[in-house]
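Below is one structure; the comments refer to it alone.
Please treat every number below as a calculation from the coordinates, not as lab data. Since the structure is predicted, the reported quantities are computational estimates derived from the model, not experimental observations. All Cβ positions, glycine included, derive from the backbone under ideal geometry; neighbour counts span all protein chains shown.
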Amino acid sequence: MNLSYLLLIPLIPLAVFLLLGIFNTQIKPAVSGYIGVLGLATSTALSYYAAFQYFFVSGKVDGVYQTFVEKVVWMNFTETSSLKYLHIDMGILIDPISVMMLIVVSTISLMVHIYSRGYMKGDDGYTKFFAYLSLFSFSMLGLVLATNLFQIYMFWELVGVSSFLLIGFYYTKPSAVAAAKKAFIVTRFADLGFLIGILIIGYYAGTFDFQTLNAVNPEGEALLLNWASTTFMGMSVFTWALILIFMGGAGKSAMFPLHIWLPDAMEGPTPVSALIHAATMVVAGVYLVARLFPMYYFVEEGFVLNIVAYVGAFSSLFAAVIAITQTDIKRVLAFSTMSQIGYMMLALGVSSYKGEEGVGYMASMFHLFTHAMFKALLFLGAGSVIHAVHSNYLKDMGGLRKYMPITNITFLIAALAIAGVPPFAGFWSKDEILVAAFEKNEFLYFIGLFVAGLTAFYMFRLYFGIFWGKETEYTHTPHEAPISMTFPLLFLAFMSIIAGFIPFSEFITADKVGFEGHLNYTMAALAVGTGLFGIILAWIFYKKENDLAEKFAHSFGMFYKWTYNKFYFDEIYIFVTKKIVFNLVAAPIAYFDKKYVDGTMEGIGNKTVWISRKIKGVQSGKLQDYAFSFVGGVVIIALVFIYLWTN
């Protein structure tokens, strides 16, 4: 398979970023929008062509999807003749999940670019915004094509920089600046774990290469198991490395307890939320675990996968409970994103490697794909609503179905999809996740089922609150968004309907051997019933104006308050940071540094100055002083000589 043209997929957005960034003030805003859209449209077309070539022309050999790599050595760490030739390559890796991610990233990015032409119209930073979008698209596309751990880490950090720039785009707002810093700092702590994990694997395995790390023999055994017998605290060094790498993925994907940055990131423009915090960047952690799945599965019999599963399940439940009480529509969607990514992690954690037993892996990637479509649609729909009423809060909305019919219908489709109502896309992928969980761990299955009901409830609470509910008296008449904003809504609504019918199990599996998927009618009926129950509850509470929701909230008392305040995790982090880290750790260290380290250096300097002042007279430059010193020295030497001679 010819891979040379695939280089253009990430390089075109990079070229657009450089063009718009360098000539920011010279290019007219309207032109910059068209340049951004044209660049992403080209990358998207190439991504779809690559997917067609891979899945239907040349990717499958003897029933197995192949991995194609083109790379060059970028940096050597050891001699080429050594037993472990450690080096970093730069290149392109094509396999089922990287091709699938190309489709997801390019499609969502293109829709966001088109949408932003209308949403950001008139903004002073219009051209800069499209430059940042293109930088993010380049970073994310480079990440999914990476051939090794260090290459993916470099693009991982570029994605973080892009996120920082886009979250803090409204840099005159203190809240936006604080949110950007918060996202950057929290993910830096997570990425430190990721980096340490990479270095451990490089040291003990002697390679960063994905193909080598994931190598499995024909008997289905990982070849890497013979590489390192070193243990630390009773576990293999590979186990520790994988835990640390998952820490990096958990930070980027806003898993508990590294989730606190995601709700605040909604301070960025709504198209940013759709692109970064719904469909692409936040699923990078899921993609990372999937990319190294053979290692996660085979090292210590999947011990780390159990951690992945339980962290995913708890994050999913935790976020869903919080989403029920939030009143900012973007923050509801942010916690919904965290919950759905938890679903994906749960699916990976309960998956096996071979054949249909690997349904969890397939279901995770399937849900990643479908979720990208309907969650981006939800965010862009929310953006249209915010654009119309100039508020993020449910109290300022209601009855908008009369004014915004297209947004109403498309938002409803997305809500039905995420609620798991057939035949919409979310039903098919969520059903596969629940089946995988039930076969491996019934406790996690029931958590997933309960979360499905919560998801349907809070999503239709949102839908009814925006488009039905009370008839709000608006200061100006809301109106439907322009075609540049409604076209992406219609396209993503179409994808949210048909994406579930893709026979995903024939294309994306852990062992790259497709299998025929089938619907588990019992599980599906239970999941759909749970979802419908959640929708009916939301209908009763929110379709028409009443005080049922307020009475229900009061009945929960303190628990409702804790949930509304996100269980005070922000306050906990601030307390730990300021009261413990700053006051009890940083302050004593700073005192020691200033008092003793700086004091010692300053003392040495001060003594040197004092001594130099005392002896500087020796070099006064006056002839009589030198003559006096000379004569005095001769007299002293003579006296010493006479004393020694006489004695």
Exercise. Highest mean first, what order results for 47-58, 552-563, 488-499, 529-540 on Cβ atoms within 10 Å?
Worked result: 488-499, 529-540, 47-58, 552-563
For this session: Would you pull out the residues with amide H under 5 Å of residue 216's amide H, same chain only if 5 or more places away, H placed 1.01 Å from N?
Result: 223
Problem set entry | Residues of type aspartates and glutamates that residue 561 reaches as a straight line, Cα spacing below 15 Å, ignoring anything fewer than 8 places off in the same chain | 550, 570, 571
Exercise. Roughly what would the spin-label model give for residue 635 and residue 72, points 7 Å off Cα along C-beta, in nm?
Worked result: 8.1
Problem set entry | Amide H within-cut-off set for residue 511, under 5 Å, with H built and near neighbours excluded | 355
Seminar exercise, completed: Interchain or sequence-distant (5+) residues whose placed amide H lies within less than 5 Å of the amide H of residue 208 are 87
Exercise. Size of the dipole of the chain about the Cα centre, Lys and Arg at +1 and Asp and Glu at -1 on the beta carbon, nothing else charged, in debye to 20?
Worked result: 2180
Seminar exercise, completed: With Cα coordinates, the longest principal axis of the chain makes an angle with the long axis of helix 303-323, in degrees rounded to 10, of 70
Exercise. Which whole number in µm²/s is D for region 4-564 by Stokes-Einstein, with the Kirkwood Rh taken over Cα pairs at 4 °C and 1.567 mPa s?
Worked result: 55
Problem set entry | Of 28/128; 182/375; 395/551; 182/252; 375/430; 395/544, pairs whose Cα-Cα distance is over 19 Å | 182/375
Problem set entry | Global geometry of region 312-466, whether rounded, prolate or oblate, following the gyration tensor of its Cα atoms and the 1.5 cut on a/c | prolate
Exercise. Mind listing P(r) for region 571-646? All alpha-carbon pairs, 10 Å bins, whole percents.
Worked result: 15, 18, 17, 14, 12, 9, 8, 5, 1
Exercise. Mind checking the alpha-carbon convex hull of region 399-498 and giving the volume per residue in Å³?
Worked result: 95
Problem set entry | Cα shape, region 1-160, gyration tensor, a/c 1.5 rule | oblate
Exercise. Short version: ³J(HN,Hα) in whole Hz for each residue of region 623-633, in order, from phi by Karplus 6.51 cos²θ - 1.76 cosθ + 1.60 (θ = phi - 60°), x for Gly and Pro, what are they?
Worked result: 5, 5, 5, 5, 5, 4, 5, 5, 5, x, x
Exercise. Each residue of region 553-568 in turn: what ³J(HN,Hα) in whole Hz from Karplus with 6.51, -1.76, 1.60 and θ = phi - 60°, glycine and Pro shown as x?
Worked result: 4, 5, 5, 8, x, 4, 4, 4, 4, 5, 5, 4, 8, 6, 6, 6
Problem set entry | Nearby aspartates and glutamates by direct alpha-carbon distance to residue 470 (threshold 14 angstrom, same-chain neighbours under 8 apart not counted) | 396, 545, 547
Seminar exercise, completed: Semi-axes in Å, largest first, for region 469-601 (Cα gyration tensor, √(5λ)) are 48, 31, 23
Problem set entry | For region 237-250, Karplus couplings with θ = phi - 60° (6.51, -1.76, 1.60), whole Hz, Gly/Pro x | 4, 5, 4, 4, 4, 5, 4, 5, 5, 5, 4, x, x, 5
